[in-house]
Amino acid sequence: MLVEGKWMTNWRPPVLTDAKGGIVRQTSGFRHWITPDGVAGPTGEDGFNAETGRYHLYVALTCPWASRTLVVRKLKQLEAVISASVVEPTLTDEGWRFGDYPGSNRDAVNGATYLHEIYARADPHFTGRATVPVLWDKQRKTIVNNESADILRMINSGFGALAGGAFDLYPKELRTGIDALNDRLYRRLNNGVYRAGFASNQVAYEEAFADVFIMLDELEERFDRCGPFLFGDGLTETDVRLFVTLVRFDAAYHSLFKCNLRRLTDYPALSAYLARILTIPGVRDSVNIDHIKRGYYSIKALNPTGIVPVGPDLPGLDPVVLLMAKTGHLS
């Protein structure tokens, strides 16, 4: 991690724990907002105007928090407005690295080798882990925001007329329901799999394990009764948040994180839901199963040999299933 802007020790997954032995995530340190007129958002300073070519995303295809920003960038047709760099999937002793692994690229904006250099450039006294995603301002040469939930909403509404597409992922009439379900999904499932995988004792693990499958069972029942998305016919940010966890479940969380009561493929309604989302133009581009597996299985604390499993394949890629989902024959 970085201490006063200097790399001091080998990178490690989150290890801060609460009184029960559960993991505690680092608080995001940069919380500015991009807005159409440059006025300050809910947090941070003003002056971050929505402009074409000014902002850059640093992401990892391994990471669900980063990948959801790529999904929304695609849905809002902002690829030509916000550029992006993808780090290599395998974690190194200095954290995320830029390079030439297939699906990754070099940092063409700052010329950094490791992501922690971006953090030190934004704040020479930064102390903490260098996490993805990072939204960078090329003009002010600083990090706008490194909180994925904020970036999700900025990309959805902060770029005004520069954005396109038919999606409003946070419509006013659904915001109360979206916020409430986001909170429950985060605790029980999005972060629940991490709480299970990085638990430091049996009690913390079993508590997280129960949360994961209580939530999956509830979602299966929900999609048995209604759909096609969480709030009916319209895709919302909650669907994006759920999707990025589901698409990684069988490949990483089921085995490596010991969430092995059931696989996602054992949930027919959730599997159909995943297949439906994969048919939305651009969503499939955010998923790289090789990066996902290589990234997670490079975590030395959980997999010291570094062996990457051959299977499973990405759920929902069966062409018959995808065709049925696309034509509405799979519910």
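Express in whole angstrom the spacing between the alpha-carbon centres of the range 37-55 and the range 231-286. The distance from the Cα centre of the range 37-55 to that of the range 231-286 comes to 32 Å.
Cα-Cα over 29 Å: which of 76/258; 141/293; 141/172; 141/300; 76/138; 138/172? Beyond 29 Å between Cα atoms: 76/258; 141/293; 141/172; 141/300; 138/172.
Taking 25 °C and 0.890 mPa s as conditions, the range 82-224 diffuses translationally at an estimated 135 µm²/s according to Stokes-Einstein applied to its Kirkwood radius (Cα pairs). Annotation: extensible slack from residue 300 through residue 266 equals 9.3 nm (criterion: 0.36 nm per residue apart, minus Cα-Cα distance).
For the range 22-136, what is the charge dipole size about the Cα centre, in debye to the nearest 20, if Lys and Arg each add +1 at the Cβ and Asp and Glu each add -1 at the Cβ? Let's see the in-between values first.
On the way: 11 positive and 12 negative charges, 73 e Å.
That gives a dipole near 360 debye.
The mean accessible area for residues of the range 216-269, using a 1.4 Å probe and ignoring ligands and nucleic acids, is 37 Å² per residue.
Of the residues 177, 98, 215, the one whose Cα sits farthest towards the positive end of the charge dipole of the range 91-244 is 98 (charges of +1 on Lys and Arg Cβ, -1 on Asp and Glu Cβ, taken about the Cα centre). Per-residue packing, averaged as other Cβ atoms within 10 Å, sorts the ranges 262-268, 239-245, 101-107, 171-177 into the order 239-245, 262-268, 101-107, 171-177, beginning with the highest.
The range 158-257: Rg/Rh from Cα coordinates, Kirkwood Rh?
Answer for the range 158-257: 1.04.
Per DSSP H run of at least 4 residues, take -39500 (n - 2.57); add these up for the chain, divide by its residues and hand me the 222 nm value, nearest 500 deg cm²/dmol. Mind showing how you got there, number by number?
On the way: 10 runs with 110 residues, N = 331.
Only helices count here, giving -10000 deg cm²/dmol.
Comparing 155, 280, 118 in a Gaussian network model of the chain where C-alpha atoms under 10 Å apart are linked, the largest mean-square fluctuation is found at 280.
DSSP finds beta bridges in the chain, and of those with both partners inside it, around 70 percent are antiparallel.
I'd like to check one number: the per residue accessible area of the range 100-203, probe 1.4 Å, reported in Å² as a whole number.
Values: 4560 Å² over 104 residues.
Heavy-atom SASA per residue in the range 100-203 reads 44 Å².
So how do 68-80, 88-100 stack up, highest first, on mean other-Cβ count within 10 Å?
Numbers: 68-80: 21.8, 88-100: 19.5.
Listed from highest to lowest mean packing, they are 68-80, 88-100.
In the range 139-247, if the dipole is taken from +1 on Lys/Arg beta carbons and -1 on Asp/Glu beta carbons about the Cα centre, which of 201, 186, 161 is farthest to the positive end? Projecting each Cα onto the dipole axis, the largest value belongs to 161. Here the accessible area of the chain is 54 percent carbon and sulfur, with a 1.4 angstrom probe and all protein chains present.
Expressed in Å, the radius of gyration and Dmax of the Cα atoms of the chain are 19.2, 56. Taking 16 Å as the straight-line reach from the Cα of residue 6, the aspartates and glutamates in range (excluding those fewer than 8 positions away in the same chain) are 93, 94, 117, 123. Extending 7 Å from the Cα toward the beta-carbon at both residue 46 and residue 172 defines two label points whose distance is 2.2 nm.
The values are calculated or read from the model by the stated rules, or taken from the named source; none is laboratory data. Fair warning: this is a prediction, and the values are worked out from it, not measured in the lab. We place every Cβ from the backbone using ideal geometry, glycine too, and count neighbours over all the protein chains shown. Surface accessibility is based on the protein's heavy atoms, side chains included, excluding ligands, DNA and RNA. Shrake-Rupley method; radii C 1.70, N 1.55, O 1.52, S 1.80 Å.
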